[in-house]
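So the structure is just underneath, and the comments pick up after that.
Just so it is clear, none of the values below were taken in a lab; they were calculated from the coordinates. Remember, predicted model here, so these are calculated numbers, not experimental data. All Cβ positions, even for glycine, are placed from backbone atoms using ideal geometry, and neighbour counts span all protein chains on display.
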Amino acid sequence: MQPPRRRVWPNLVLPAAGWGEKDGVLINSERRLGLAKKVARAPGQALSDFAIFQLVANAWGCGEIFGAWSSPEAAFQILKKLSRDQPCDFSGIRDYAHLDQEGGIQWPLPESEVGPARERRLFADGKFFTPDARARFFFDARARCRSRPTPTIRFLLLTGRGTLRNGTRVHAPTRAPCSANSRRPCSRSKSIRSTPPASVSRPAIALPCVPAAAPPKRSRS
């Protein structure tokens, strides 16, 4: 994996193993814990983030704190204990084999619950994680937009978190050019101006769209 194209570089780069080069557990946006299996050896000196944490702890002289981190699955068991009686309780997941057998399990799954359904909606029982089990709605005060329309920028689009998905799970322009699916829907001439938060005093940054890739030619039969 190539480093992101950024102007500010860190003082220390730890080569980490990428997807499919390490074992572990991932949690997706539907609360599902899934088992990620190692299918390839990491190149060069790249190590899993688990191994990097161990080495850094030993270098700093606090390796004994991570004595129970004998393997990624052991670390998962520690997180499982910490989740007990919390909203994200997944203490009912036995081990990696359990996750593999079920093809992923959604939290919450406390130890008292047996045989989880494949799909479970959160708050389907109408109870929320509040003292009286009722929902709470919070609204921020309306903030004045710092930017104003100009003759060249006539429209302003106010959004939440911006993502570029299209089935690629690419969230940043540093990785989007690496995906053909991300390049395809982009325009060659349009661009998006990203305004920084009010707490940051710096000019807006113009992010040009990735040039669109030409559609593949289809052969005539």
Taking the Cα centre as origin and putting +1 on Lys and Arg beta-carbons and -1 on Asp and Glu beta-carbons, what dipole magnitude results for segment 1-125, to the nearest 20 debye?
600
Please give the peptides 149-157, 98-106 ranked by average Cβ packing (other Cβ atoms within 10 Å per residue), highest first, as a rough proxy for protection.
98-106, 149-157
Among Cys88, Cys145, which comes first, second and so on when ranked by fewest other beta-carbon atoms within 10 Å?
Cys145, Cys88
Which order, highest average first, do 46-55, 66-75 follow once you tally other Cβ atoms within 10 Å for each residue and take the mean per peptide?
46-55, 66-75
Under 12 Å by backbone N from the virtual spin label 7 Å along Cα-to-Cβ at Leu14, the residues of segment 56-79 are 56-60
How much length is gained if the chain between Ala57 and Lys127 is pulled fully straight, taking 0.36 nm per residue apart and subtracting their Cα-Cα distance, in nm to one decimal?
21.1 nm
Taking the mean number of other Cβ atoms within 10 Å as a proxy for protection, how do you rank 135-142, 122-129 from highest to lowest?
122-129, 135-142
For segment 35-163, what is the largest minus smallest coordinate of the Cα atoms on each principal axis, given in angstrom and ordered from greatest to least?
60, 47, 32
